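The values are calculated or read from the model by the stated rules, or taken from the named source; none is laboratory data. All values reported here derive from a predicted model rather than from experimental measurement. Glycine gets a Cβ as well: all are built from the backbone with ideal geometry, and neighbour counts include every protein chain shown. These area figures cover heavy atoms from the full protein model, side chains too; ligands, DNA and RNA do not enter into them. Shrake-Rupley method; radii C 1.70, N 1.55, O 1.52, S 1.80 Å.
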Amino acid sequence: MRQSGTRPVSSLKVYLRLLNYLRPMIGMFAISLLGFIAFASSQPLLAAILKYFVDGLTMPSGSTFHDIPLLGRLDLVYGVPLMLILIVIWQGIGSFFGNYYLARVSLYLIHDLRRTLFESLLRLPNTYFDQNNSGHLISRITYNVTMVTGAATDAIKVFVREGLSVIFLFGYLLWMNWKLTLVIVAILPVIGVMAGAASRKFRKQSRKIQSAMGDLTHIASETIQGYRVVRSFGGEDYESERFRISSEANTSKQLRMAKTGATFTPALQLVTFTTMAVLLLIVLLLRGDSSAGDLVAYITAAGMIPKPIRQLSEISATIQKGLAGAESIFAQLDETPELDQGTMELDRVSGRLEVRNLSFSYLGSNQQVLDDLSFSIEPGQMVALVGRSGSGKSTLSSLIPRFYQHTHGQILIDGVDVEAYTLRNLRSHIALVTQQTSLFNDTIANNIAYGDLAGVPRAAIEKAAEAAYAREFIDKLPDGFDTLVGENGVLLSGGQRQRLAIARAILKDAPILILDEATSALDTESERHIQKALDHVMSNRTTLVIAHRLSTIEKADVIMVMEQGRIVERGTHAGLLAANGQYAKLHAMQFSEELAAEGSREPETDLSSSLEHDNNFRPDTPA
Ligand code: ATP
Ligand code: MG
């Protein structure tokens, strides 16, 4: 498994790219910024008001805001409490606008990122899914994105609010007594160095945590999906151990991160309060001619500085977590999407399919899966592919709709290279039933009419189901076509699932039909029925059928026998039998097996398939 998203990129670059997503929300962002400016400006005001309070205490009668132009004549006894309330209201308004509008910005950012990630999944090539495990892909959308919110909301909030608070407080301090203030300035580099060291550590640890989170999701989802295998093969201990190890690794990584944070904060406290102590000492020793009010206000303002500084230093953890998340998100977004360089779009092709000298090996493997294949199928013809497991049949069928990029040879539809079509148009000409049926957790009708087919009239869906011999079981379901099939169709039997997949392909009515083991899970009788229906469907289109059961392909115009990526024999059923080669051998073997099985199996198959319907879908009938 390749773990993308772990190569170090410059933090600033990643952060700027992240902030770029905020651009459309610049207005809301500005409102929130103004709010935080208001909030921060209230900080020194709170300290300043103390000066007048203390001055009022020492000289109770007749004191006014003598040195402030507008308030010059206001009596301190009423003025100080009034000003305090006004300052706090000012602070509250600022706080509301700051927080609310920033939350809006960040929530939209999350939404944006999640969607962009998901959209990229829809466009990434098959190889990306082969090489990245689904747990990591999922946790990137669910977990990493929330980490990014941290960097986008919390961090910016703290940065703006506390940063401005520090600036305003410093401004006030400088204005009050610049010499004393220089003492405070002297510790800033110390804090900077400490924060820098901690943030590098945070980011490294956070990256590890996110990867561990992906592992955890991966193991859990594998076990959930494979729970039948887990149970029947006694995999409980193995899975439980695997999960424990992964969860423990996650915990210890989180703990290490917490430790970094927990050490950092008190260390910083120590530095700042030592400075405070020095400050107090200087104030006490060298009081000069300042009034008590001035000194109290100064010390209060200085005392207000460590808190925003500490919060500022803590955001580096949040930012680093967010950056690690953003990094892996951007790495996915930067993956090259499926190559879609073609421009040709045809409403309908006639379906002539030609393969010329096609060779293929999967990315990162040097096994030649397809080796110099050439053949062509005329519209209305049926070509069958047979051959041993692993000989490359499914690979060939997935190259036609360009699920993978071939590098040698050509595939042509109606004489035009498949690469000349747009991907969407190319795929609209092909109906493919794959070896693994994929159903969605939706109704039967919506599963048959999926994607581009959504919205076709019910009658058409019913007709397709009929042709796929699926009516037989659908009508017995409690809600008929509106029955939910469960995740990936778990509420249906394997054969029922296959019939829905076939119905989907029939409904698509594409000129090229590819059936990869499409009826392998069906009993002989259902298969015969479908075969009859398919004969009708195939009559006017190009069909490529892959089958292990040779009885289903006897009528094929051409049968091609594949072995290790090569076509080793081709001809009609009769011709190949007469030639007495590979095909004849395979056929003789299956024929004798089937004869032996037919006699004993047939009644049993019928019984089990009718029982299965009763069990699954009639919970209301007494057993
Ligand atoms: P079966 O009859 O069992 O379905 P098949 O003829 O369809 O077999 P393919 O699925 O085409 O065989 O596989 C051909 C070869 O390609 C196998 O050796 C397999 O290991 C390899 N292969 C298949 N899919 C991939 C993939 N996604 N990535 C890498 N190698 C693959
Ligand atoms: Mg296959």
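Observations
- 20 °C / 1.002 mPa s Stokes-Einstein diffusion coefficient of the range 450-604, Kirkwood radius on C-alpha pairs, µm²/s: 124
- For the chain, the longest principal axis of the C-alpha atoms and the axis of helix 306-333 are separated by about 20°.
- Percent of alpha-carbon pairs separated by more than 19 Å within the range 68-221: 73
- Rounded to the nearest 500, the 222 nm mean residue ellipticity of the chain from helices alone is -21000 deg cm²/dmol, with -39,500 (n - 2.57) taken per DSSP H run of at least 4 residues.
- Relative to the longest principal axis of the Cα atoms of the chain, the long axis of helix 76-123 lies at roughly 20 degrees.
- For the range 509-515, putting each phi into the Karplus relation 6.51 cos²θ - 1.76 cosθ + 1.60 with θ = phi - 60° gives couplings of 6, 8, x, 10, 10, 10, 10 Hz, in residue order, rounded to whole numbers and with x for Gly and Pro.
- Long-range HN-HN contacts of E563 with modeled amide H, under 5 Å: V568
- Taking only Cα atoms of the chain, radius of gyration then Dmax in Å: 36.1, 124
- The 1.4 Å probe gives accessible areas that order M194, M589, largest first, as M589, M194.
- Anchor K393: aspartates and glutamates whose Cα lies under 13 Å away (excluding residues fewer than 8 positions away in-chain): D371, D516, E517, E563
- What the Cα convex hull of the range 377-527 gives, in volume per residue, is 130 Å³.
- Note on exposure: H587, H408, H529 ranked by accessible area (1.4 Å probe, complete protein assembly) read H408, H529, H587, with the most exposed listed first.
- Taking 0.890 mPa s as the viscosity and 25 °C as the temperature, the Stokes-Einstein diffusion coefficient of the range 462-508 based on its alpha-carbon Kirkwood radius rounds to 233 µm²/s.
- S350, S246, reordered so the largest accessible area comes first (probe 1.4 Å): S350, S246
- Under Karplus coefficients 6.51, -1.76 and 1.60, residue-wise ³J(HN,Hα) of the range 516-529 in Hz, glycine/proline x: 9, 6, 5, 10, 5, 8, 9, 6, 4, 5, 4, 4, 4, 4
- Loop-resident trypsin sites (Lys or Arg not before Pro) (DSSP state other than H, G, I, E or B) in the range 229-282 with no more than 16 further Cβ atoms inside 10 Å of their Cβ are absent.
- Cut-off 18 Å (backbone N to label point 7 Å along Cα→Cβ of V190), residues of the range 245-264: 263-264
- Solvent exposure of E119, expressed as accessible area, is near 60 Å², computed with a probe of 1.4 Å over the protein chains only.
- Here the 3J(HN,Hα) profile of the range 46-57, calculated from phi with Karplus coefficients 6.51, -1.76 and 1.60 at θ = phi - 60°, is 4, 5, 5, 5, 5, 4, 6, 4, 5, 4, x, 5 Hz, Gly and Pro shown as x.
- Counting heavy atoms of the protein chains alone, L439 has an accessible area of about 10 Å² for a 1.4 Å probe.
- The long axis of helix 292-304 is offset from the longest Cα principal axis of the chain by roughly 10 degrees.
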